[in-house]
Amino acid sequence: MPRRVLVVDDDADFRESLVDLLLAHGGGAVEAVAGVAEARARFRPGAYALVLIDLRLPDGNGVELVREFRRRDPRVCLVLMTAYGEREDFAAAEEAGADRSLRKPFDLVADFLEPYGAFCPHRRVLVADDDPDFLAGVADDLRQRGLEVVTVADGLTALARARTESFDALVLDLRLPGLRGDEILRALAEGGRSLPTIVVTGYAAEEAAVLAGLPSTVPQLTKPIGAGALAGTLRDLFQRLDEP
């Protein structure tokens, strides 16, 4: 569940019901306003993980507010809500930078929070694997879920980028050319640069001793990995990190 949420909707009853639902679902702080001016006054880059915006507001247009907030904060999750929108409104919202558009009435938990909430604000993930098909499939799936994905195909590049760039998580194949996944983890730890990590391998039996020696906090997945399994493990990882 995103830790801080802003709801922008001029329907007081609907606004209140969303706030109650978000708080009941574990929201740390939920704020609600009725229009564009109030939303602009409160919004600051990094202030919110998720902003829910109605399409038709008394003092402005929700799509334009999405566009403005996306420009001001590339990492915030933005969801457009509407009871009246047409297909072109949803297309305009996507072009403006909305992560999702939801038609009222909707089930916020099932339609957004459960599949996507843990990825708000947008997380940046480094995926290192020398299998191009696996790499492409994983990257496509995670990007559709709102994650920023950087892919590399060898261990030396993975270590260099993990050391010098900012990532929220690392997905490491154990057998990488140039430098093994466990060697990358060791080098990062020795340099004081630890990252939340998921280890994947297609050779669990052969690598049993290495896998047993990894920290208990590092999830392990064995290939072939089913659709959504990696995303689900990342979701669990981020939810644990977000716990107060």
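The values are calculated or read from the model by the stated rules, or taken from the named source; none is laboratory data. Keep in mind that this is a model prediction, so the values were computed, not measured. Every residue, glycine as well, gets a Cβ built from its backbone with ideal geometry; the counts of neighbours run over all protein chains shown.
Kindly provide the set of residues from segment 205-244 that are under 13 Å from the mean Cα position of the chain (by Cα), crowded, with 17+ Cβ neighbours inside 10 Å and modelled with pLDDT under 85, ordered by number.
none
Can you name the residue in segment 132-181 that is acidic (Asp, Glu) and more than 18 Å from Thr233 (Cβ to Cβ) and, of all such residues, is farthest from the chain's Cα centre (by Cα)? Before you say what the answer is, go through the steps one by one.
Of segment 132-181, the ones acidic (Asp, Glu) are 133, 140-141, 148, 154, 165, 168, 173.
If we keep only those that are more than 18 Å from Thr233 (Cβ to Cβ) as well, we get 133, 154, 165.
Values: Asp133: 22, Asp154: 24, Glu165: 18 Å.
Here the answer is Asp154.
Return only the number of the condition from (1) at pLDDT 90 or above; (2) under 30 Å from Val171 (Cβ atoms); (3) surrounded by 21 or more Cβ atoms within 10 Å (Cβ to Cβ); (4) not small (Gly, Ala, Ser) that Asp111 does not satisfy.
(3)
Name the single residue that is surrounded by the fewest Cβ atoms within 10 Å (Cβ to Cβ) among those in segment 30-44 being out of contact with any Phe, Trp or Tyr (no Cβ under 9 Å at 6 or more places or on another chain) and within 28 Å of Leu241 (Cα to Cα).
That would be Arg44.
Looking at Val33 and the list (1) closer than 24 Å to Ala118 by Cβ; (2) of a type in the set (A, V, I, L, M); (3) without any contact (Cβ under 8 Å) to a residue 60 or more places away in the chain, which single condition is not satisfied?
(1)
Got a number for residues in segment 131-161 being under 13 Å from Leu230 (Cβ atoms), in a helix (DSSP H, G or I) and in contact with a helix residue (DSSP H, G or I) (Cβ under 8 Å, 6 or more places away or on another chain)?
Selection size over segment 131-161: 3.
For segment 170-201, give me each residue that is touching a residue at least 40 places away in the same chain (Cβ under 8 Å) and among the small types (Gly, Ala, Ser).
The answer is Gly181, and nothing else.
Identify, from the list Asp89, Asp129, the residue that is assigned by TED's automatic domain parsing to the domain that holds Arg145 and buried (at least 17 other Cβ atoms within 10 Å of the Cβ). Before the answer, list the steps.
Working: Asp89 fails: assigned by TED's automatic domain parsing to the domain that holds Arg145.
Answer to the selection: Asp129.
Please give the strands (runs of 3 or more DSSP E) falling wholly within segment 16-130 in which 2 or more residues are basic (Lys, Arg). Talk me through it step by step, then tell me what you get.
Values: elements: 29-33, 50-54, 77-82, 100-103, 124-128.
The qualifying strands (runs of 3 or more DSSP E) are 100-103.
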